[in-house]
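The values are calculated or read from the model by the stated rules, or taken from the named source; none is laboratory data. Predicted model only: the values in this text are computed from it and were never measured. Cβ atoms come from the backbone with ideal geometry, glycine included; neighbour counts cover every protein chain shown.
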Amino acid sequence: MENKVIGKDVNKIDALGLVTGEPVFTDDIKLPNMLHIKFLYSPHANAIIEDIDTSEAEKLPQVHLVLTYKNTPQVCHTTAGQGWPEPSPYDTCMFNKHVRYVGERVAAVAAETEEAAQEALKLIKVKYNVLPKVFDPEEALKDSAVKVHEEEYIQGVVDPKRNLVSHIEVKAGDVEKGFKEADVVVEHTFETQFAQHCPIETHATISYLDENGRIVIRTSTQVPYHVRRIVSQVLSVPLSKIRVIKPRIGGGFGSKQEIILEEVCAFVTLKTGKPARAVYTREEEFISSRTRHPMKITVKIGAKKDGKFTAIKMYALSNTGAYGTHGLTVASNTGSKTLPLYNKAPNVEFIADVVYTNLPVPGAYRGYGATQGYACLEQVVDMVAEKLNIDPITIRKINHIRKGETSPIFEALGEGREGVVQYIESESIDTLIDIGAKEIGFFEKWGKKIRNGSKVRGVGMSLHMQGSGIPKIDMGSSIIKLNEDGSVNVLYGGTDIGTGLDTVVAQIVGEVLGIKPDSVIVYPSDTDITPFDKGAYASSGTYISGGAVKAAAINLRDQILKVAREMFKELDSKDYILENGFVISPRSAKKVSLSEIAYDTLYVKKQKQLIGIGSFMSESSPPPFAAHFVEIEVDEETGIITPIKYVAAVDCGKVINPELTRGQIIGAIVNGIGYALSEEYKFGENGRMLNPNFFDYRIPSSRDVPEILPIIVETFDPTGPFGAKSVSEININGPIPAIGNALFDALGIRLNSSPYTPEKVLKAIRNKQ
Amino acid sequence: MKVHYKINEKDYSFEIHPGKVLLDVLRENGFTEVKGNCYMGTCGACTVIINGAPKTSCTVLAAQVNDAEIITIKGIGSVLKPHPLQEAFIKKGAVQCGYCTPGTILSAYALLQKNPNPTDEEIKRAIDGNLCRCTGYVQQIEAIKFAIKLLTEEK
Ligand code: FES
Ligand code: FES
């Protein structure tokens, strides 16, 4: 049967409020007597606080509370908003006596105005015992290195003495044997940098006590349920005393999968009884929220003359900064989301080390380790092709995974633990490559080095997969109730952070129940009201949360059909159709509206509320696929790389909302272009970030954007809602390798680190000459 | 000190601290449709129209623009009667998180007031100061072009 709502461009259901500036974000509401929280940060990369004197600050008339490690709970926990049991180490407290990076918070002031809080910060006297520091992960692994964490109480760290948070080792076959059998072997090391998510709304949290003394936390988060759990853990307050409300979120991209303001706000409210507010400035967002894990990745590929890979080996050294949040799981994804793509290699090995240093704390960031992995892998694939005199397209076609196939990596490596066996359900990759190649004119342009003065053109490509949710771990759930007019209220725990998930949910429910999406009222995540959902991460929104609302909608539909059958006085409802708000029996041509059914069940007969419930957890994590193609122009005189045209051919299963899907694809690409060309943390000698603002840390603006063409190749995933897979993350993975490959095509140079700044390009040109 | 503004065609007087920037004064007085975060004039989220020109309200002292005429996103349309630009942003998928949206729409609005038929390049330049981390700008530009169409049809 043809879909009525799925696959259609339904307007984003929250867009009207957003374009008209209604007060929907966390910080758009103001509460009486609210206290404003401001933080004091460590100026040292590694130091023990010997003494901290807050007495002068406390004397200021408008100051209500000053927090330090001395008067806050010393509960060692992880700030990573992940599922349970938590895979990240317990290595931090709300405030630590030992501070480990410039930007770690030392104290907080809660005062009646922001200005007073700011004033008070200046009066806090801290005596530091400054310790030696370590910034380089290779250095940090040495026996002689500074130990970033020495405390006995930390948990979940493999070897604190070597600063080694996690070590991953996964093997299939025998790579050494594979390299021996190969005709060519290529090895290349590539380094990726610290970068920031830069959601335009910074982290913001407001907390207050409700009339029953419970703590309400209104916060810009991707993970309301994990916020509730972790705040309960850190403050030793029963979970039942905490309510987390997620308003509209001004972007997250992973940075808001972290509990960094909520516990402080809640603590202030608990201590003072007053509402509290903490909002990061842009600078704080850079220095003290989360970043992307920089990695140094080495990929070695062996291949036969015919292009067939015999072995792939990947080693990733991940810098997890001062704290290990998401360290293990991001590094897992560096291998698990990349290596299965080339399953033709019988011998595969992935090794990763996650290491502490005295630098800012990386966390979850769109692409989640796969971005780093592909940055290197997809350039090495091109290097192998070059050596074999094969083109980049053919080599990928020879080696990529196909429908019905699996990879040993799927089972061996999940997120921080073993994975699950998975078979690919989609045969789209060749199509993606062909369509993309045609659109960019790959074979017409590749190797041509078309020149215009000092500017040379080049084309490059890269291939990718990702996942959809974390299999056998991630769960979402939903409750749907039927109203008198045939509309429904959907309560689900999923977290729309701007991606349009609420709209996708309305479409899924509308499709199942045969009603218009605007008759579906979606209630944003509120831990008191909506049922559980793991939150917005791991590309799971449409797949897991969408799966949950679909299950709940089917449950409600079955109840509706039962009532209709009784009304029609028929024996079974198997062939009933739900359409335009009616239940129709094609046999008898009888027809009843959902509104009549609701009136009947609520007021007239067998009074009861029809309510559907459903949960969804997946056994697998069907990967979306994407082939990226870029044409660039690089100026040999300035070293500036300008992307001219970017084509992304994407298989994300069945598309629920084409316009929103395009938005996810283009948004991720532009984010990736920023990461590839300009975005990076610059550090001073003491480990201080030197460019914590939008002047010096350049994210793309409207004029930096090339022509971008997303091409969607629809497939059907049997496990996803209406056949859908994920799309949110995968397309950030392409710009580094695709532009890198295009740069090689244009000038025959390969850089070994991102971002591809003009200085590096010029240096490489000079070295080549 | 006391300042007076005409905001969205209504008169207001506020008692302010002379050092405050307009963004804070607006938000503190309930105009939370004006967003902010960088306070350096680099993100554009705080854009409002002051005496006809789009300005980042975080870099303007409130005292400095005493008696100014200010337009916020609420001054061009509402949930009950959205402006064609607002409709177009909804229709073309140009809104993701929506945090940058009021500022971007106001920059586009100011452009169309002066130049009802801009080129792509002029559109890009008009919203160049409005950073958006979600959309990648393509749909925003499409939306502005669509709004131009809607506005011409309206005439
Ligand atoms: S807050 Fe004004 S430009 Fe960013
Ligand atoms: S829509 Fe999120 S920043 Fe523009």
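Counting only residues that are more than 28 Å from residue A:745 (Cα to Cα) and in contact with a helix residue (DSSP H, G or I) (Cβ under 6 Å, 6 or more places away or on another chain), give me the strands (runs of 3 or more DSSP E) lying completely in the range A:603-698 with at least 3 of them. Explain how you work it out, then say what you get.
Numbers: elements: A:611-617, A:625-635, A:641-651.
So the answer is A:611-617.
Quick one: which of B:105, B:73, B:127 is more than 27 Å from residue A:708 (Cα to Cα), at the interface with another protein chain (Cβ under 10 Å from one of its Cβ atoms) and surrounded by 24 or more Cβ atoms within 10 Å (Cβ to Cβ)? It would help to see each step written out before you state the result.
Numbers: B:105 fails: more than 27 Å from residue A:708 (Cα to Cα); B:127 fails: more than 27 Å from residue A:708 (Cα to Cα).
Step by step, each of B:105, B:73, B:127 is checked, and only B:73 is more than 27 Å from residue A:708 (Cα to Cα), at the interface with another protein chain (Cβ under 10 Å from one of its Cβ atoms) and surrounded by 24 or more Cβ atoms within 10 Å (Cβ to Cβ).
Which residue out of B:105, B:90 is more than 16 Å from ligand 1 (Cβ to nearest atom), among the β-branched types (Val, Ile, Thr) and part of a helix (DSSP H, G or I)?
Numbers: B:105 fails: more than 16 Å from ligand 1 (Cβ to nearest atom).
Exactly one residue qualifies, and that residue is B:90.
Looking only at the range B:133-144, decide whether some residue is away from chain A (no Cβ under 11 Å), of a type outside the set (A, V, I, L, M) and either away from ligand 2 (no atom under 14 Å from the Cβ) or free of Cβ contacts under 8 Å to residues at least 12 places away in the same chain (or both).
Applying the first criterion (away from chain A (no Cβ under 11 Å)) to the range B:133-144 yields none.
Looking for residues that are away from chain A (no Cβ under 11 Å), of a type outside the set (A, V, I, L, M) and either away from ligand 2 (no atom under 14 Å from the Cβ) or free of Cβ contacts under 8 Å to residues at least 12 places away in the same chain (or both), one finds none in the range B:133-144, hence no.
Has the range A:669-677 got at least one residue that is surrounded by fewer than 24 Cβ atoms within 10 Å (Cβ to Cβ) and of a type in the set (S, T, N, Q)?
No, there is no match, as no residue in the range A:669-677 is surrounded by fewer than 24 Cβ atoms within 10 Å (Cβ to Cβ) and of a type in the set (S, T, N, Q).
I want to confirm something. Restricting to the range A:219-230 and keeping residues that are within 14 Å of chain B (Cβ to nearest Cβ) and in contact with a Phe, Trp or Tyr (Cβ under 9 Å, 6 or more places away or on another chain), which single residue is farthest from ligand 1 (Cβ to nearest atom)?
Step by step, filter the range A:219-230, then rank; the result is A:222.
Collect the residues in the range A:1-23 that are within 8 Å of chain B (Cβ to nearest Cβ) and touching a residue at least 12 places away in the same chain (Cβ under 8 Å), keeping them in residue-number order. Write out each step before concluding.
Within the range A:1-23, the first condition is being within 8 Å of chain B (Cβ to nearest Cβ), and the residues that meet it are A:9, A:11-12, A:14-23.
Scanning the range A:1-23 gives A:9, A:11, A:12, A:14, A:17, A:18.
Among all residue pairs at least 6 apart or on different chains, which show Cβ distances below 7 Å where the first residue, located in the range B:79-108, is β-branched (Val, Ile, Thr) and the second is within 16 Å of ligand 1 (Cβ to nearest atom) and in a helix (DSSP H, G or I)?
B:95/B:101; B:105/B:73
Show me the strands (runs of 3 or more DSSP E) found entirely inside the range A:10-120 where at least 3 residues are in contact with a helix residue (DSSP H, G or I) (Cβ under 7 Å, 6 or more places away or on another chain) and either polar (S, T, N, Q) or under 30 Å from residue A:320 (Cβ atoms) (or both). Full working, then the answer.
Numbers: elements: A:35-41, A:47-53, A:63-67, A:105-111.
Of the strands (runs of 3 or more DSSP E) lying wholly inside the range A:10-120, those with at least 3 residues that are in contact with a helix residue (DSSP H, G or I) (Cβ under 7 Å, 6 or more places away or on another chain) and either polar (S, T, N, Q) or under 30 Å from residue A:320 (Cβ atoms) (or both) span A:35-41, A:105-111.
Which of the numbered conditions does residue A:207 fail, given that it passes all the others? Conditions: (1) within 27 Å of residue A:753 (Cα to Cα); (2) buried (at least 24 other Cβ atoms within 10 Å of the Cβ).
With (1) within 27 Å of residue A:753 (Cα to Cα); (2) buried (at least 24 other Cβ atoms within 10 Å of the Cβ) applied to residue A:207, the lone miss is (1).
Give me the residue from the range B:38-54 that is within 16 Å of ligand 2 (Cβ to nearest atom) and small (Gly, Ala, Ser) and, out of that set, nearest to residue B:102 (Cα to Cα). It would help to see each step written out before you state the result.
Going residue by residue through the range B:38-54, those that are within 16 Å of ligand 2 (Cβ to nearest atom) are B:38, B:42-47.
Adding the requirement that they be small (Gly, Ala, Ser) leaves B:44-45.
Numbers: B:44: 9, B:45: 7 Å.
The residue in question is B:45.
Based on what the data block shows, is residue A:475 of a type in the set (A, V, I, L, M) and surrounded by 24 or more Cβ atoms within 10 Å (Cβ to Cβ)? Give the derivation first.
Details: of a type in the set (A, V, I, L, M): yes; surrounded by 24 or more Cβ atoms within 10 Å (Cβ to Cβ): no.
Here the answer is no, as residue A:475 does not meet what is asked.
Scan the range B:78-102 for residues that are away from ligand 2 (no atom under 16 Å from the Cβ), within 19 Å of residue B:142 (Cβ to Cβ) and touching a Ser or Thr at 6+ places or on another chain (Cβ under 7 Å) and jot them down. Spell out how you get there, then give the answer.
The first filter runs over the range B:78-102 and keeps only residues away from ligand 2 (no atom under 16 Å from the Cβ), leaving B:78-84, B:87.
Subset that is within 19 Å of residue B:142 (Cβ to Cβ): B:82-84, B:87.
Matches in the range B:78-102: B:82 only.
Go through the residues of the range A:132-147 one by one and say whether even a single one is part of a loop (DSSP other than H, G, I, E, B), without any contact (Cβ under 8 Å) to a residue 60 or more places away in the chain, more than 16 Å from ligand 2 (Cβ to nearest atom) and surrounded by 18 or more Cβ atoms within 10 Å (Cβ to Cβ).
Restricting attention to the range A:132-147, the residues satisfying the condition of being part of a loop (DSSP other than H, G, I, E, B) are A:132-136, A:141-147.
If we keep only those that are without any contact (Cβ under 8 Å) to a residue 60 or more places away in the chain as well, we get A:142-145, A:147.
After this cut, where a residue has to be more than 16 Å from ligand 2 (Cβ to nearest atom) as well, the list is A:142-145, A:147.
Okay, now just the ones that are also surrounded by 18 or more Cβ atoms within 10 Å (Cβ to Cβ), so A:145.
Scanning the range A:132-147, I find at least one residue that is part of a loop (DSSP other than H, G, I, E, B), without any contact (Cβ under 8 Å) to a residue 60 or more places away in the chain, more than 16 Å from ligand 2 (Cβ to nearest atom) and surrounded by 18 or more Cβ atoms within 10 Å (Cβ to Cβ), so the answer is yes.
Suppose we filter the range B:68-109 for residues that are among the hydrophobic types (A, V, I, L, M, F, W, C) and either modelled with pLDDT under 95 or under 16 Å from residue B:48 (Cβ atoms) (or both); how many remain? Reasoning before the result, please.
Going residue by residue through the range B:68-109, those that are among the hydrophobic types (A, V, I, L, M, F, W, C) are B:68, B:70-71, B:73, B:76, B:79-80, B:85, B:88-90, B:94-95, B:97, B:100, B:105-106, B:108.
Within this subset, residues satisfying the condition of being either modelled with pLDDT under 95 or under 16 Å from residue B:48 (Cβ atoms) (or both) are B:68, B:70-71, B:73, B:76, B:85, B:100, B:105-106, B:108.
Residues that pass the stated criteria total 10.
So, residue B:119, is that one modelled with pLDDT under 95 and more than 10 Å from chain A (Cβ to nearest Cβ) or not? Full working, then the answer.
On the way: modelled with pLDDT under 95: no; more than 10 Å from chain A (Cβ to nearest Cβ): yes.
So residue B:119 fails the test.
Quick check on the range A:127-169: of everything there that is of a type in the set (Phe, Trp, Tyr) and farther than 27 Å from residue A:192 by Cβ, which residue is farthest from the chain's Cα centre (by Cα)? Outline the logic, then answer.
Taking the range A:127-169 and keeping what is of a type in the set (Phe, Trp, Tyr), we get A:128, A:135, A:153.
Now restrict to residues that are farther than 27 Å from residue A:192 by Cβ: A:128, A:153.
Numbers: A:128: 36, A:153: 29 Å.
Result: A:128.
For residue B:59, are the conditions met, namely being modelled with pLDDT of 95 or more and crowded, with 22+ Cβ neighbours inside 10 Å? Even if it seems obvious, please write down each step before you answer.
Numbers: modelled with pLDDT of 95 or more: yes; crowded, with 22+ Cβ neighbours inside 10 Å: no.
So residue B:59 does not fit the description; no.
Pairs please, first residue from the range A:658-679 and within 7 Å of chain B (Cβ to nearest Cβ), second anywhere and assigned to a loop (DSSP other than H, G, I, E, B) and at pLDDT below 95, Cβ atoms under 6 Å, 6+ apart in sequence or on different chains.
Matching pairs, first to second residue: A:659/A:9.
What residue, among those in the range A:231-277 that are of a type in the set (Gly, Ala, Ser) and away from chain B (no Cβ under 14 Å), is nearest to ligand 1 (Cβ to nearest atom)? Spell out how you get there, then give the answer.
Going residue by residue through the range A:231-277, those that are of a type in the set (Gly, Ala, Ser) are A:232, A:236, A:240, A:250-252, A:254-255, A:266, A:273, A:276.
After this cut, where a residue has to be away from chain B (no Cβ under 14 Å) as well, the list is A:232, A:236, A:240, A:266, A:273, A:276.
On the way: A:232: 34, A:236: 38, A:240: 39, A:266: 27, A:273: 32, A:276: 23 Å.
The extreme case among them is A:276.
Could you tell me whether residue B:114 is surrounded by fewer than 24 Cβ atoms within 10 Å (Cβ to Cβ), of a type outside the set (Phe, Trp, Tyr) and either in contact with an Asp or Glu (Cβ under 8 Å, 6 or more places away or on another chain) or within 9 Å of chain A (Cβ to nearest Cβ) (or both)?
Numbers: surrounded by fewer than 24 Cβ atoms within 10 Å (Cβ to Cβ): yes; of a type outside the set (Phe, Trp, Tyr): yes; either in contact with an Asp or Glu (Cβ under 8 Å, 6 or more places away or on another chain) or within 9 Å of chain A (Cβ to nearest Cβ) (or both): no.
Judged against the criteria, residue B:114 is not a match.
Residue under question is residue B:35, and the condition is that it be under 28 Å from residue A:696 (Cβ atoms) and away from ligand 2 (no atom under 16 Å from the Cβ); does it hold? I'd like the intermediate steps shown before the answer.
Values: under 28 Å from residue A:696 (Cβ atoms): yes; away from ligand 2 (no atom under 16 Å from the Cβ): no.
Answer is no for this residue.
I'd like to verify a number: residues in the range B:31-49 that are assigned to a loop (DSSP other than H, G, I, E, B) and more than 8 Å from chain A (Cβ to nearest Cβ), how many? I'd like the intermediate steps shown before the answer.
Looking only at the range B:31-49, we keep the residues that are assigned to a loop (DSSP other than H, G, I, E, B), and these are B:31-46.
Checking which are more than 8 Å from chain A (Cβ to nearest Cβ) leaves us with B:31, B:36, B:41, B:44, B:46.
Selection size over the range B:31-49: 5.
Scan (1) within 11 Å of chain A (Cβ to nearest Cβ); (2) assigned to a loop (DSSP other than H, G, I, E, B) for the single condition residue B:67 breaks and write down its number.
Exception for residue B:67: condition (1).
Would you be able to tell me the number of residues in the range A:196-215 that are in contact with a Lys or Arg (Cβ under 7 Å, 6 or more places away or on another chain), away from ligand 2 (no atom under 14 Å from the Cβ) and of a type in the set (A, V, I, L, M, F, W, C)?
Residues that pass the stated criteria total 2.
When you go through B:9, B:15 one by one, which is the residue that is away from chain A (no Cβ under 12 Å), more than 10 Å from ligand 1 (Cβ to nearest atom) and without any contact (Cβ under 8 Å) to a residue 24 or more places away in the chain?
On the way: B:9 fails: without any contact (Cβ under 8 Å) to a residue 24 or more places away in the chain.
After applying the criteria, what remains is B:15.
It is to be established whether one or more residues within the range A:534-541 are out of contact with any Phe, Trp or Tyr (no Cβ under 9 Å at 6 or more places or on another chain), within 14 Å of chain B (Cβ to nearest Cβ), crowded, with 22+ Cβ neighbours inside 10 Å and not hydroxyl-bearing (Ser, Thr, Tyr).
Initially, the range A:534-541 is screened for residues out of contact with any Phe, Trp or Tyr (no Cβ under 9 Å at 6 or more places or on another chain), giving A:536, A:540-541.
This time we only want the ones that are within 14 Å of chain B (Cβ to nearest Cβ), so: A:536, A:541.
Keeping just the survivors that are crowded, with 22+ Cβ neighbours inside 10 Å gives A:536, A:541.
Subsequent filtering for residues that are not hydroxyl-bearing (Ser, Thr, Tyr) retains A:536, A:541.
Yes: the range A:534-541 contains one or more residues that are out of contact with any Phe, Trp or Tyr (no Cβ under 9 Å at 6 or more places or on another chain), within 14 Å of chain B (Cβ to nearest Cβ), crowded, with 22+ Cβ neighbours inside 10 Å and not hydroxyl-bearing (Ser, Thr, Tyr).
Name the residue, out of A:666, A:708, that is away from ligand 1 (no atom under 16 Å from the Cβ), buried (at least 23 other Cβ atoms within 10 Å of the Cβ) and modelled with pLDDT of 95 or more.
Working: A:708 fails: buried (at least 23 other Cβ atoms within 10 Å of the Cβ).
Step by step, each of A:666, A:708 is checked, and only A:666 is away from ligand 1 (no atom under 16 Å from the Cβ), buried (at least 23 other Cβ atoms within 10 Å of the Cβ) and modelled with pLDDT of 95 or more.
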